[in-house]
Amino acid sequence: MEKQQELPEYIQGLATKKSEAQQRREIVEKEYLKLLDRLAKKSEKNKKTIRNDFLNVEVSFINREGGKEASKNSVHNWQSSYAILHLETIVKKAKAKEGVPIYSEAKPTGNQRKLGYVNVAVLYYNFVDTEKSYMNFTVKLVLGIKNNGRHIQYSVTKVEAL
């Protein structure tokens, strides 16, 4: 029988205890702003985008949308916060899950409509580590889509352990 691995107290500086949401919130907010700054510096026109290989679209980053959602919801568990630390990779490499529709209408209530999304795209990314079983999990990336076709990073959350 395989020995259950013990979850460390911290992973890449993130507290893993459920009760440490405030610590994760501070890190998530800081890391999201660092990502926006890095993307702006890489771009000639100060565009904060990353190309998603699967959809072949530029995904925009807007702090008042994706950053707000990240600091509100991605702090409830360490895996969602960990995903924010790796958001560039996730956005670039996330893809559809077999048998799950990619596109759907934005929710009629709540932030998706308030932010002007007409549709959302849902993609997935798997974290895989052959040595640390607690590092095997799937995250869901939600992109809000505006009338003009612009894709905006909206949220990233852990959906299942592998």
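Looking at the stretch 77-97, is at least one residue out of contact with any strand residue (DSSP E or B) (no Cβ under 9 Å at 6 or more places or on another chain) and either modelled with pLDDT under 95 or under 16 Å from residue 54 (Cα atoms) (or both)? Scanning the stretch 77-97, I find no residue that is out of contact with any strand residue (DSSP E or B) (no Cβ under 9 Å at 6 or more places or on another chain) and either modelled with pLDDT under 95 or under 16 Å from residue 54 (Cα atoms) (or both), so the answer is no.
Screening residue 142 on (1) in contact with an Asp or Glu (Cβ under 9 Å, 6 or more places away or on another chain); (2) under 17 Å from residue 11 (Cβ atoms) shows it passes everything except condition (2). Being outside any loop (DSSP other than H, G, I, E, B) and without any contact (Cβ under 8 Å) to a residue 24 or more places away in the chain is not true of residue 156.
Just to be sure, is residue 79 more than 19 Å from residue 29 (Cβ to Cβ), surrounded by 14 or more Cβ atoms within 10 Å (Cβ to Cβ) and within 17 Å of the chain's Cα centre (by Cα)? Break it down into steps so the answer makes sense when it comes.
Details: more than 19 Å from residue 29 (Cβ to Cβ): no; surrounded by 14 or more Cβ atoms within 10 Å (Cβ to Cβ): yes; within 17 Å of the chain's Cα centre (by Cα): yes.
Judged against the criteria, residue 79 is not a match.
Of the residues making up the stretch 133-153, those that are under 27 Å from residue 118 (Cβ atoms) and outside any strand (DSSP E or B) are 146, 147, 148, 149, 150.
Considering every residue within the stretch 87-97, establish whether at least one is free of Cβ contacts under 8 Å to residues at least 12 places away in the same chain, surrounded by fewer than 19 Cβ atoms within 10 Å (Cβ to Cβ) and under 27 Å from residue 43 (Cα atoms). No, every residue in the stretch 87-97 fails to be free of Cβ contacts under 8 Å to residues at least 12 places away in the same chain, surrounded by fewer than 19 Cβ atoms within 10 Å (Cβ to Cβ) and under 27 Å from residue 43 (Cα atoms). Scanning the stretch 30-59 for residues that are touching a helix residue (DSSP H, G or I) at 6+ places or on another chain (Cβ under 9 Å) and crowded, with 17+ Cβ neighbours inside 10 Å yields 31, 32, 35, 39, 48, 49, 50, 52, 59.
The values are calculated or read from the model by the stated rules, or taken from the named source; none is laboratory data. This one's a predicted model, so the numbers in the text were calculated from it and none came from an experiment. Cβ sites come from the backbone with ideal geometry, for glycine too, and all protein chains shown count toward neighbours.
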